[in-house]
Amino acid sequence: MSAIGVVSSCSCLRPGVWLLKPGMQNMSSFGLHTAARCAAKDYYEVLVLGGGTGGITMSARMKRKVGAGNVAVVEPSKTHYYQPLWTLVGGGAKQLATSARPTGSVMPKGVEWIKSRVTALDPDKNCVWLENDIKISYKYLIIALGISLHYEKIKGLPEGFQHPKIGSNYSVHTVEKTWKALQDFKEGNAIFTFPNTPVKCAGAPQKIMYLSEAYWRKTGRRSKANVMFNTSLGVIFGVKKYADALLEIIKERNIAVNYKRNLVEVRADKQEAVFENLDKPGVTEVHQYEMLHVTPPMGPPDVLINSPVSDDIGWVDVDKETLQHKKYPNVFGIGDCTNLPTSKTAAAVAAQSGVLDKTISLVMKNQLPTKKYDGYTSCPLVTGYNKVILAEFDYDAQPLETFPIDQSKERVTMYHMKADMMPFLYWNALLKGYWGGPAPVRKLMHLGLK
């Protein structure tokens with residue numbers, strides 16, 4: 001198993017209300033948990049906010065510590081998505097339905113599912129407020145609210161998605177539009193964007209570019225495509241070892257990379273994309289497109305902005321080694337909603353869950369946390385329909401690889417791990433609280449030297 005949550009892949013997976021419209025998820029809950037529109041109780045020993053990867057994983061772990069009936073998860077969404085698969089859905093290699101399961105089916109048995117939305121946090125009084133002025137108190141709070149997508153911060157979106165030729169792998173509503181735009185491509189510019197904000201899985205915006213380029217080569221249209229990656233960043237990837245490998249692929253495949261370019265407007269009726277030059281404030285450029293893939297600006301959920309538990313920007317303010325809140329010792333954070341200085345991925349959540357489990361166990365015993373999170377995260381960089389560069393690294397942007405091979409090389413085995421093994425591991429081990437990242441595997445593979 002390897003990088004097995006290693007590669008749980010890029011994208012933290014909160015089912016987030018920003019992706020889901022009411023009434024679009026009518027799948028039944030299978031009755032595997034105690035479900036309630038409103039909470040059955042007004043106090044829980046452990047209260048978890050968010051039913052994405054971090055929330056479900058930690059609720060499973062906490063139930064084993066404090067027992068059934070003593071843990072609740074607040075989550076309004078009826079469907080849980082394994083979002084790392086959406087790269088392959090957008091590239092036509094997987095079906096969207098295979099990434100979805102009813103939230104009730106992944107909620108641990110004996111954990112109460114509170115089908116509501118958090119409206120305010122009051123850590124000084126050990127309580128949170130839900131919709132309809134419902135107050136829930138707790139002994140320990142785990143915040144796993146994920147990250148919010150902000151298509152609306154780009155002029156012309158999200159309404160522009162009603163037009164053809166444009167898609168986005170970051171939303172359940174637009175990922176299949178990516179595949180349609182890819183198939184309908186005839187001739188012209190194919191533009192892939194990266195916003196001027198933190199994002200979940202920083203590799204995903206370029207993964208779909210490599211898949212698209214490979215698809216057009218396969219279907220004989222590559223010579224008619226001018227493939228462009230317009231990124232707000234100044235580098236192709238934050239870890240030099242993998243950046244060097246990607247730049248070789250970009251050169252070999254004749255892909256144009258424009259750095260410090262941020263998408264500010266989409267004129268979908270004219271098939272025009274407007275970018276600001278971040279090196280020249282106020283200067284914009286307009287590009288005609290035949291296909292446009294949008295990675296939206298992202299930020300902390302609204303409920304966390306100006307919250308007592310958050311930093312100045314709105315991310316949950318936790319210790320980067322223990323995941324314990326810096327001010328409130330009975331509050332903890334995990335995943336995309338935190339200010340941990342590492343890439344926001346599901347693989348990071350896997351590693352964080354093991355550390356947080358140990359942290360909370362010691363806090364419950366009135367002891368100081370000792371287990372330290374090293375910032376481990378992973379991004380399986382899909383570079384073709386059977387190729388992946390498995391990037392794994394730490395807080396210092398240094399490679400932290402599971403296998404005793406050069407993982408900066410494109411490999412078929414890593415592709416199958418991403419496409420086939422990781423979804424299985426996600427549903428059957430990570431969400432059940434039994435996978436805390438690949439550190440033990442890494443140690444074994446490197447004979448204890450890492």
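Key figures for this structure:
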{"quantity": "Test set (1) open to solvent by 10 Å² or more (accessible area, probe 1.4 Å); (2) part of a loop (DSSP other than H, G, I, E, B); (3) out of contact with any Leu (no Cβ under 7 Å at 6 or more places or on another chain) - Lys139 fails condition number", "calculated": "(2)"}
{"quantity": "Breaking point among (1) modelled with pLDDT under 95; (2) touching a Phe, Trp or Tyr at 6+ places or on another chain (Cβ under 6 Å), for Lys371", "calculated": "(2)"}
{"quantity": "Answer residue from the stretch 301-314, given it is open to solvent by less than 20 Å² (accessible area, probe 1.4 Å) and touching a Ser or Thr at 6+ places or on another chain (Cβ under 7 Å) and is nearest to Leu157 (Cα to Cα) among those", "calculated": "Pro301"}
{"quantity": "Per-region count, the stretch 80-100, residues crowded, with 20+ Cβ neighbours inside 10 Å, more than 15 Å from the chain's Cα centre (by Cα) and polar (S, T, N, Q)", "calculated": "0"}
{"quantity": "Breaking point among (1) farther than 20 Å from Arg267 by Cβ; (2) part of a strand (DSSP E or B), for Trp179", "calculated": "(2)"}
{"quantity": "Failed condition for Asn386, given (1) within 20 Å of Glu252 (Cα to Cα); (2) surrounded by 20 or more Cβ atoms within 10 Å (Cβ to Cβ)", "calculated": "(2)"}
{"quantity": "Matching residues in the stretch 271-309 - criterion: being charged (D, E, K, R) and either in the same structural domain as Pro123 (by the TED database) or touching a residue at least 24 places away in the same chain (Cβ under 8 Å) (or both)", "calculated": "Glu285, Glu290, Asp302"}
{"quantity": "Subset of the stretch 194-204 [buried (at least 21 other Cβ atoms within 10 Å of the Cβ), at pLDDT 95 or above and closer than 15 Å to Gly234 by Cβ]", "calculated": "Phe194, Pro195"}
{"quantity": "Flag for Met421 being outside any loop (DSSP other than H, G, I, E, B), in contact (Cβ under 8 Å) with a residue 60 or more places away in the chain and open to solvent by 70 Å² or more (accessible area, probe 1.4 Å)", "calculated": "yes"}
{"quantity": "Test for Thr322: is it under 23 Å from the mean Cα position of the chain (by Cα) and buried (at least 24 other Cβ atoms within 10 Å of the Cβ)", "calculated": "no"}
{"quantity": "Number of the condition not met by His173 [criteria: (1) in a loop (DSSP other than H, G, I, E, B); (2) within 17 Å of Gln271 (Cα to Cα); (3) out of contact with any strand residue (DSSP E or B) (no Cβ under 9 Å at 6 or more places or on another chain)]", "calculated": "(2)"}
{"quantity": "Selection count where residues are closer than 23 Å to Ser212 by Cβ and crowded, with 19+ Cβ neighbours inside 10 Å, scope the stretch 258-286", "calculated": "8"}
{"quantity": "Test: residue in the stretch 116-135 that is acidic (Asp, Glu) and part of a loop (DSSP other than H, G, I, E, B)", "calculated": "no"}
{"quantity": "Pairs with Cβ under 9 Å, 6+ apart, first in the stretch 88-104 and closer than 11 Å to Val382 by Cβ, second assigned to a loop (DSSP other than H, G, I, E, B) and of a type in the set (Lys, Arg)", "calculated": "Leu88/Lys94"}
{"quantity": "Any hit, the stretch 143-152, residues being over 18 Å from Tyr81 (Cβ atoms), within 17 Å of the chain's Cα centre (by Cα), buried (at least 20 other Cβ atoms within 10 Å of the Cβ) and at pLDDT 95 or above", "calculated": "yes"}
{"quantity": "Only listed residue being of a type in the set (Lys, Arg), in contact with a strand residue (DSSP E or B) (Cβ under 7 Å, 6 or more places away or on another chain) and in the same structural domain as Arg261 (by the TED database), chosen from Lys155, Lys186", "calculated": "Lys155"}
{"quantity": "Pairs where the first residue, in the stretch 373-387, is among the aliphatic types (A, V, I, L, M) and the second is assigned to a strand (DSSP E or B), C-beta under 7 Å, 6+ apart", "calculated": "Leu381/Val388; Leu381/Ile389; Leu381/Ala391; Val382/Val388"}
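A quick yes/no check of all residues on (1) open to solvent by less than 10 Å² (accessible area, probe 1.4 Å); (2) within 30 Å of Phe332 (Cα to Cα):
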| residue | (1), (2) |
| --- | --- |
| Asn366 | no, yes |
| Thr370 | no, yes |
| Asp394 | no, yes |
| Asp406 | no, no |
| Tyr426 | yes, yes |
| Leu430 | yes, yes |
| Val441 | no, yes |
| His446 | no, no |
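Conditions tested, residue by residue: (1) in contact with a strand residue (DSSP E or B) (Cβ under 8 Å, 6 or more places away or on another chain); (2) part of a strand (DSSP E or B); (3) under 17 Å from Ser168 (Cα atoms); (4) polar (S, T, N, Q).
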residue	(1), (2), (3), (4)
Arg217	no, no, no, no
Phe229	yes, yes, yes, no
Gly234	no, no, no, no
Phe237	yes, no, no, no
Leu246	yes, no, no, no
Lys251	no, no, no, no
Val264	yes, yes, yes, no
Pro281	no, no, no, no
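The values are calculated or read from the model by the stated rules, or taken from the named source; none is laboratory data. Quick caveat: nothing in here was measured; it's all calculated off a predicted structure. Every residue, glycine as well, gets a Cβ built from its backbone with ideal geometry; the counts of neighbours run over all protein chains shown. Ligands, DNA and RNA are stripped out before the accessible areas are found, and what is left, the full protein with its side chains, is counted by its heavy atoms. Shrake-Rupley method; radii C 1.70, N 1.55, O 1.52, S 1.80 Å.
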